[in-house]
Amino acid sequence: MTYLVNESCIKCKHMDCVEVCPVDCFYEGENMLVINPDECIDCGVCEPECPVEAIVPDNAYSGTELEKWLDLNTKYSNIWPNITEARPEDVPDDAKEWAEVSNKFEEHFSDKPGKGD
Ligand code: SF4
Ligand code: F3S
């Protein structure tokens, strides 16, 4: 089991989650974070930290949805830089406006890396 970041993170990117992870397994893209499923120890402490509920246990998904988010988190956590400290100054100014937007993955996902630590 692992926890996964889903599309709710896209363009919100609050980064509260990275501060609590005991194994530092968050990785930063340009407009979202992902979790490395091989490093996550399933402690669950990050889940309630996210203001937009973008972090979910993998058993919340099944079938193609599980495959999609597991693959995305696995792939990009092996490409993007590690992030262990939140940067409040880099939280998007319009994060609140993106909180309820749907289809963010299809329309707004960026495969570019973020800054990392
Ligand atoms: Fe880190 Fe625990 Fe969240 Fe996994 S569940 S990403 S180990 S805080
Ligand atoms: Fe994203 Fe939530 Fe973390 S918006 S950066 S998963 S606190």
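Read-outs throughout are calculated quantities, based only on the coordinates presented, and are distinct from any laboratory measurement. The shown structure was predicted, so the numbers you read here are calculated from the model rather than taken from an experiment. All Cβ positions, even for glycine, are placed from backbone atoms using ideal geometry, and neighbour counts span all protein chains on display.
Please give the charge dipole size of the stretch 61-108, origin at the Cα centre, charges +1 on K and R Cβ atoms and -1 on D and E Cβ atoms. Round to the nearest 20 debye.
Values: 5 positive and 12 negative charges, 51 e Å.
Charge dipole, the stretch 61-108, about its Cα centre: 240 debye, nearest 20.
In the stretch 1-92, how does Rg compare with the Kirkwood Rh, expressed as the Rg/Rh ratio over alpha carbon atoms?
Value, to two decimals: 0.92.
If packing is taken as the mean number of other Cβ atoms within 10 Å per residue, what is the order of 3-11, 20-28, highest first?
3-11, 20-28
Sorted by packing (mean other beta-carbon atoms within 10 Å per residue), highest first, where do 33-43, 55-65 land?
Highest mean packing first, the order is 33-43, 55-65.
Roughly what would the spin-label model give for Asp38 and Leu70, points 7 Å off Cα along C-beta, in nm?
1.5 nm
Can you give the Rg to Rh ratio of the stretch 55-117, both from alpha-carbon atoms, with Rh computed by the Kirkwood formula? List each step's numbers first, then the result.
Details: Rg = 13.6 Å, Rh = 13.9 Å.
The Rg/Rh ratio comes out at 0.98.
Any idea which of Tyr76, Val23, Pro37 is furthest toward the positive side of the dipole for the chain, if Lys and Arg beta-carbons carry +1 and Asp and Glu beta-carbons -1?
Farthest towards the positive pole: Tyr76.
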